[in-house]
Amino acid sequence: MQEIELKNDKLDFRTREAFKILRTNIEFSGDNVKVICITSCTPSEGKSSISFELAKSYAQMGKKTLLIDADLRRSVMRQRHKRGKVRLGMVNYLVGKSEFQDTLCSTDIANLYMVFCGPVPPNPSELLGNSRFRRMVADARRDYDMVIIDTPPLGSVIDTAVVAKCCDGAVMVLESGAISRRFARKVKEQLAVTDCRILGVVLNKIDMSGKGYYGRYYGKYYGKYYGNYGKSSETAAGR
């Protein structure tokens, strides 16, 4: 097993709470939801960041978690580690050049393990659809409490539909104000064809400055409720 150290960005309170809520909502979807894939409509909507932070959230609550980078065409997950050499990735396993255990990376975050994509292949859809990928997911399902698979944007390529067939559920990430309702519905329909359960949608990159609806509503809500809560706590501590 390979060993790496991750870049661990500090999240603000609202962001941490948002990931806890997302994790809780997934847990309420049923105890048979153990392997989920995360996708989006287009690149740069933040699905990889959502995948990483969600996996980290599960690990921090004590669940043995595996994050698999299945975006074989344009991976950004490799930028998540800052120390340690990743010699083998999922592609090495899928083409039969390594064993699954050899592609695993233990991280400096307790309970969090990762599999990076490895070299960019010429035939990603075919690799994800082969029997070795299905065997890998089956092994991960057996050995881990939670498995999160970061997949390419379904609105751009079909890879996610191939992966989704092995999953218990799927989550769509949509960038606020960037994706039309018609396009999002089309991608949802593509996902539904796989018979994979759609767990819900994450609305990402919301403007919280106060200019938009979400900024005005949630900014006021968090500022008033949690601001007063913090002030009350400080006052009580001062007493």
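Just so you know, all these numbers are worked out from the coordinates, no wet-lab data involved. Quick caveat, the model's predicted, so the values are computed rather than measured. No Cβ is skipped: glycine too gets one built from the backbone with ideal geometry, and neighbour counts run over all protein chains shown.
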Worksheet item: Can you give the relative contact order of the chain as a percent, counting alpha carbon pairs under 8 Å and 6+ residues apart?
Response: 26 percent
Worksheet item: Where does each of 61, 146, 136, 1 land when they are ranked from fewest to most other beta-carbon atoms within 10 angstrom?
Response: 1, 61, 136, 146
Discussion item. For the chain, take the longest principal axis of its alpha carbons; what is the angle in degrees between that and the long axis of helix 47-60, to the nearest 10 within 0 to 90?
Written reply: 80 degrees
Item to complete: Starting with the fewest neighbours, write out 35, 120, 157 ranked by other beta-carbon atoms found within 10 Å of each beta-carbon.
Response: 120, 157, 35
Worksheet item: Hey, how many Å between the Cα centroid of region 104-139 and the Cα centroid of region 31-70?
Response: 13 Å
Worksheet entry | Pairs from 47/165; 10/97; 97/186; 63/97; 64/205; 10/82 whose Cα-Cα separation, in the structure shown, is over 26 Å | 10/97; 97/186; 63/97; 64/205
Worksheet item: Where both partners of a DSSP beta bridge lie in the chain, what percent of those bridges are antiparallel, to the nearest 5?
Response: 15 percent
Worksheet, complete the sentence: In units of 2.2 N^0.38 Å, the Cα radius of gyration of the chain is 1.07
Worksheet entry | Residue exposure sequence - 107, 24, 151 - by fewest surrounding Cβ within 10 Å | 24, 107, 151
